[in-house]
Each structure stands twice: as structure tokens, then as C-alpha cells.
């Protein structure tokens, strides 16, 4: 450190707010040094360096708390805006739900150019909340979801509500193994390595994808037309819908609001992402839709079942209704408000 740098450091120290130092002895020592009229000894300079580091750490900690609070407030406002967006969409399009949403599912049999909806599949990722571990959905969201096959009247209710197409991901990119998907020529891909996870349900984009010189940019999905196919298809459902709706007998389907959804563009400018997820996570918001209900039983209990596309005798279908917007962690609006106010842990 040269003389100019030392003078600059001492100047910063004399004007620093030492009241942020929590340790009383260190704070008193800092105040004494600030009031010193003459020069500093070498030992005192080392103490000044340590004090400046403490002050910087206190400032950063304070900013970190503000950033987290700001992020939660952004999430709350985004969820409210999306809820309003779905109300506007229903009023303007005369449909409850948009086509082209993300299923959140890796569909068995889905490949480039596939037209048949998958009757089986698994959630995309969902093994961890930690950044760069697992990829796909966060564990918090995935832990409250289950994949079920829908058919018959329930299928028709969902399609008639507006879900005429749905996007699924090719299963070869939906695990932590390096497998080669059908749209690439021998290039191995693991879910955690997907560069743009929020675009994974989009149709693959790139140059010469089936050549040795392919340049894959994003997308590993396929949009399936549900109106031209009579077969069953898989949908993600909340396991404990009552935590969101207040009625444990509600049966609630969940769809991702990706950039290919019909609500994006005219109603919502872009598909917003929750900034709290890791770079390998799918962080688009999701919409929770009540499609049926049971009397006093949760989905999967007694006669409140959906098995092989057939609903149990305890299931009563209802006109699909949007009941919540979920963030990347599966929290609804009220949960986020409580967290932002410090009334609930994340």
C-alpha cells in the first residue's frame, strides 16, 4: 500500500459510521482512533483496516436483508398481476385457461415431432432446492405434486376450459444422466446442465440440430394438440390442495406459465420468472386450477381418486377455476405476503 492509498483509507475511516459496529470495545476503539489528531502508527493502521472490513460487512449484511425483502415484494406483485391477467384473459377470450402452457412433466413417448399426448410420465426434476443440483422443478414445488392420467369427462372439462394444447418435455433430458435426445445428433444432455431451464418446454431451437455441427440453443419440448387426440394425457396435481384453497377435498391441477402460453403476449407481456430459484431450476410461475372436489376426503383417499384416467365415485367435477398463482417454491400469494412481513418462514 503506497502513501496515497493510505491517505485515502484514513480519510474513509475518519468519515465512516462506526456506530454499525456491534462489538462495544471495537466500536470504542474506532471512535478513539477517529478523534485522534495526529498520524497513525503501523499497528493503528492495521486496526483501521480491520475496522473498515467490519463496517463493510455490516453494510453488506444490511443490504442483503433488503434485497431479500425486495425480491419477496416483487414476487407478491408479480403473482397479483398474473392473477389479474387470468381474469382479463377469461373475460376477453371467453375461456378460463390458455393453450400452450407447460405441463411440468417429462412425457413418455414425447420426441421431436410427436403428436400423441403421453398417458404416463414424471415431473421434471424436483430433487433439490440447491442451485446447480438436480435441475428442473424445485423440491419444494415437486414434493406437493403428483402426476396422474386423466381421461373421460375430466379430460373434456380441462380441454373445454381452454387447454387445447399442452407442452411436454422429452424424457431423455429429464434426469441427471447424460442421454442424447432425439433432436440432437449424439450430444448428451443432463437436466442440471440445461442453460435456459425456463425455455425447456419450448420446441428445440438451434442450427443443424441433426448434424455433427449442431448448435442447440434451448428447448427440449413438444406442444401436443389435445383436441385431435382422443386418448388420455397426464397432468400434475397438488397432493394437498387444501393448504392453498382451504378445502382439503379440492382437486387442483397445476400448469406452468411458460413463454409459449397463449396468455403471454396480449395479456402478459412476458412469462415472468421467480428470481429466487437457482440457475438450473425451472422458475416460471404456475397456475393452480380447481377441476373437481371430494366431500371430506383428500385426493388419493377412499373414493377420491383418479386412476388410469378414471375418476373415483367420490369425485365431483366442477367448472375449472383458477384458485392461485404459485411461485417456483410452490407458495401461493398469501404465503408470500406472510414471508414478506416476516410472519412465516420460507
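The values are calculated or read from the model by the stated rules, or taken from the named source; none is laboratory data. This is a predicted model, so every value here is computed, not measured. With ideal geometry, Cβ positions are generated from the backbone for all residues, glycine too; neighbour counts draw on all protein chains shown.
A few remarks follow.
- Inter-residue pairs, beta-carbon under 8 Å, first modelled with pLDDT under 65 and in the range 19-44, second not in a helix (DSSP H, G or I), 6+ apart: none
- Among (1) touching a residue at least 40 places away in the same chain (Cβ under 8 Å); (2) surrounded by fewer than 22 Cβ atoms within 10 Å (Cβ to Cβ); (3) under 16 Å from the mean Cα position of the chain (by Cα), the one test that residue 270 misses: (1)
- Condition met for residue 97 (closer than 24 Å to residue 238 by Cα, at pLDDT 95 or above and assigned to a strand (DSSP E or B)): no
- Residues of the range 273-301 satisfying the condition of being under 9 Å from the mean Cα position of the chain (by Cα), crowded, with 23+ Cβ neighbours inside 10 Å and assigned to a strand (DSSP E or B): 281, 284, 286
- Segments classed as strands (runs of 3 or more DSSP E), wholly inside the range 198-252, with at least 2 members that are in contact with a helix residue (DSSP H, G or I) (Cβ under 8 Å, 6 or more places away or on another chain): 233-238
- Among the residues making up the range 302-311, those that are surrounded by fewer than 17 Cβ atoms within 10 Å (Cβ to Cβ) and part of a loop (DSSP other than H, G, I, E, B) are 302, 303, 308.
- Residue check for residue 105: within 17 Å of residue 171 (Cβ to Cβ), modelled with pLDDT under 95 and either in contact with a helix residue (DSSP H, G or I) (Cβ under 8 Å, 6 or more places away or on another chain) or not in a helix (DSSP H, G or I) (or both): no
- Checked against the criterion of being assigned by TED's automatic domain parsing to the domain that holds residue 256, surrounded by 23 or more Cβ atoms within 10 Å (Cβ to Cβ) and outside any strand (DSSP E or B), the candidates 184, 141, 166 yield just one match: 141.
- Residues located in the range 145-163, provided they are part of a loop (DSSP other than H, G, I, E, B) and closer than 20 Å to residue 307 by Cβ: 151
- Residue within the range 226-244 that is surrounded by fewer than 20 Cβ atoms within 10 Å (Cβ to Cβ), at positive phi and assigned by TED's automatic domain parsing to the domain that holds residue 292 present: no
- Qualifying residue in the range 56-72 (condition: modelled with pLDDT of 70 or more, assigned to a helix (DSSP H, G or I), over 24 Å from the mean Cα position of the chain (by Cα) and over 18 Å from residue 258 (Cα atoms)): no
- Test: residue in the range 289-308 that is closer than 21 Å to residue 88 by Cβ and out of contact with any helix residue (DSSP H, G or I) (no Cβ under 9 Å at 6 or more places or on another chain): no
- Once the range 253-267 is narrowed to residues that are part of a loop (DSSP other than H, G, I, E, B) and surrounded by 14 or more Cβ atoms within 10 Å (Cβ to Cβ), the residue that is modelled with the lowest pLDDT is 267.
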